[in-house]
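To start, the structure itself, in structure tokens.
The values are calculated or read from the model by the stated rules, or taken from the named source; none is laboratory data. Bear in mind the structure is a predicted one, so any value in this text is a computation, not a measurement. Counting neighbours? That spans all protein chains shown, and the Cβs are built from the backbone with ideal geometry, glycine included. When the accessible area is computed, the model is the full protein with side chains, heavy atoms only, and any ligands, DNA or RNA have been set aside. Shrake-Rupley method; radii C 1.70, N 1.55, O 1.52, S 1.80 Å.
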Amino acid sequence: MTTHLKTKVVRGTGIGDGCAIGNLRFLHTSIAKTREKGMGIDGERARFLDAIEAVKRSISHLQKTAEEDIGADAAEIFAIHAMLLEDEDLLERIEASLGDGLSAEGAVEAASDALSGELAALDDPYLRARAADVRDVCSQLLSHLSGKNEAADENTSKPYILVAEDLTPSQTVGLDRSTLLGFVTFEGSPNSHTAILARAMGIPALVCTGEFSNLYDGTVALLDAASGSLTLSPSEEEQSAFATRCAKNAEMAQEREQKLHTLREMPAVTMGGHRVLMYANVGGEEEIDAALSQGADGIGLLRSEFLYLSLDRAPDEEQLYHSYRTVAERMQGRRVVIRTLDIGADKQVSYLTLPREENPALGLRGVRLCLRERTLFCEQIRAILRASAHGKVALMLPMIVSVEEVRACRELIAECMQALSLRGQDYDKDMEIGIMIETPAAAILCRELAAEVDFFSVGTNDLLQYTLAADRQNPHVAELCRTCREPVLRLVAAASDAIHERGGWIGICGELAADLSLTQRFCDMRVDELSVSAPYLLELRERVLACQ
Ligand code: PEP
Ligand code: MG
């Protein structure tokens, strides 16, 4: 395939500074939106009918197995899914889009978005819950349709570079990391959760500003995050020159890492004597080894929603408790800050049927959602409290904008403590409770908020987006977030002063914490802790040691 297509270089914003060489693999959502030449109306209709039959067969098989294994009641969901595949409303919408010339994937995706959106907005809870079922069956149809893509099939077990219109955090956490060489997306920005995950995984990524078609699916590509370029279908000579350069970079990176490793145990104290705790941001227990190997003094941000995003139903208290307890025990007395569920905006789960919002980043997310979904919230709070009996655990609330929200959360925490006492279960009665400063409101109210909580951590990713009115997912304003940081730095400085006046402590866990050009400034602000993805910890420690 490589020899049929012209070499082409696409530009973008690189995430990380690594490079990768491998076959491209398009995610079906990308194929749906970028498909340039479908197979014509009849061809696309035939592909769709084929997909419908295949998914019906697969659902009927699943239904039978589930009835035998877990009983007829529990297998009911498959009957609902089978019925949906015959639903006139859904089929008519798809047929109309096919008639308009959309690809089968595009038609399914459009019908899924429209119908699930309408259902999610209804008052009837039964019908609202069907929104998730519509998305589920449509995603099975899309998987089948993309499964028909030969290039993607060929590459499934081989290492590959993933290309997607956008990757949601839940898609990203669900990826098999063992074969993933890099990401290329057309949406998103360096502050998006997908970019953050790419950094944590230590793999190169690129947010493309140029377009290319899915005809390149399966071809070899050279991904260079440092220069922000993707070379499609390169010549043999280009491939071998790039491979040599990548190998050399990897060698140099390894040498540097060995040197940095000698700093692991060294407390990060500036030359002027200010100690900064070096904490790690993690998505779950599987990242603890990496954090410890890079000398983390603690965990400054456990993004607890990643566990929720990786499942198809909400984890229960026991599952959460075991996960948090494992982290607390493995960190052996070092502080572990567990941020409570920050679902909403770009982080959506299908089992919570959230209302469709025009501006989800300004809508029901973080504590706003948790204060409405109290059963879900309290299960998590009890799990965090129980884990606090096994290590130094702290609880942190996201997206705070008012003192009242903190008080409402503290009331629930007190109720959860009482419930555990009644059950005779242990927890740390003095567990620290903190909040994130992710909104200008929280930064402005620090003085008042300091009377309510034990600590603060600045989420610069959201603080940038809300201060600059610049969507962190939107590549068109990514440059603004990169260059216009002064207003946010001043908010952090003022917050730090207000918090220190009241004897509190403040950390930074957004991506700016890892920006070495800002470390001196953060030290001047007397920030107490910096929390970054594990791969950035040692370089940051070295930088703090060199600060005044
Ligand atoms: C932030 O907003 O800076 C932050 C750390 O939280 P998240 O990136 O998960 O929104
Ligand atoms: Mg945030």
Worksheet item: Counting only protein heavy atoms, what percent of the accessible surface of region 220-271 is carbon or sulfur at a 1.4 Å probe?
Response: 55 percent
Worksheet item: With a ≥ b ≥ c the root eigenvalues of the C-alpha gyration tensor of region 227-297, is it rounded (a/c under 1.5), prolate (a/b larger than b/c) or oblate?
Response: prolate
Discussion item. Using 27 Å as the Cα-Cα cut-off, could you pick out the over-long pairs in LYS8/LYS158; LYS259/LYS392; LYS6/LYS158; LYS158/LYS259?
Written reply: LYS259/LYS392; LYS158/LYS259
Item to complete: Treating cross-link reach as a plain straight distance, find the aspartates and glutamates whose alpha-carbon is under 16 Å from the alpha-carbon of LYS248, omitting any fewer than eight places away in the same chain.
Response: ASP17, ASP224, GLU238, GLU257
Worksheet entry | HN-Hα J in Hz across region 268-273 - Karplus 6.51, -1.76, 1.60, θ = phi - 60°, x for Gly and Pro | 7, 10, 6, 4, x, x
Discussion item. How would the chain be classified by its alpha-carbon gyration tensor: rounded, prolate or oblate, with rounded meaning a/c under 1.5 and the a/b versus b/c comparison settling the rest?
Written reply: oblate
Response to the item:
For ILE437, other-chain or 5+-apart residues with amide H closer than 5 Å (H placed, Pro excluded) are SER457, VAL458, GLY459
Discussion item. If I require 15 Å or longer along the helix axis, counting alpha carbons, and a Kyte-Doolittle average no lower than 0.0, what helices from the chain are left? Use full DSSP H segments.
Written reply: 104-120, 374-387, 403-423, 486-501
Worksheet, complete the sentence: Charge tally for neighbours of THR244 with beta carbon under 14 Å away, counting Lys, Arg as +1 and Asp, Glu as -1, is -3
Practice prompt. Take the alpha carbon gyration tensor of region 177-217, find the square roots of its eigenvalues, order them as a ≥ b ≥ c, and report rounded if a/c is under 1.5; if not, report prolate when a/b exceeds b/c, else oblate.
Written response: oblate
Worksheet, complete the sentence: The answer for GLY218, listing residues at least 5 apart or on another chain whose modeled amide H is closer than 5 Å to its amide H, is LEU24, ARG25, PHE26
Item to complete: Report ³J(HN,Hα) in whole Hz for each residue of region 442-453, in order, from the Karplus equation J = 6.51 cos²θ - 1.76 cosθ + 1.60 where θ = phi - 60°; Gly and Pro get x.
Response: 5, 5, 5, 8, 3, 4, 5, 5, 4, 6, 9, 10
Worksheet entry | Accessible solvent surface per residue of region 454-548, calculated while the other protein chains remain in place, 1.4 angstrom probe, Å² | 37 Å²
Practice prompt. Evaluate the distance, in nm, between pseudo-label points positioned 7 Å from the Cα of ASP87 and of GLU255 along their respective Cα→Cβ axes.
Written response: 6.1 nm
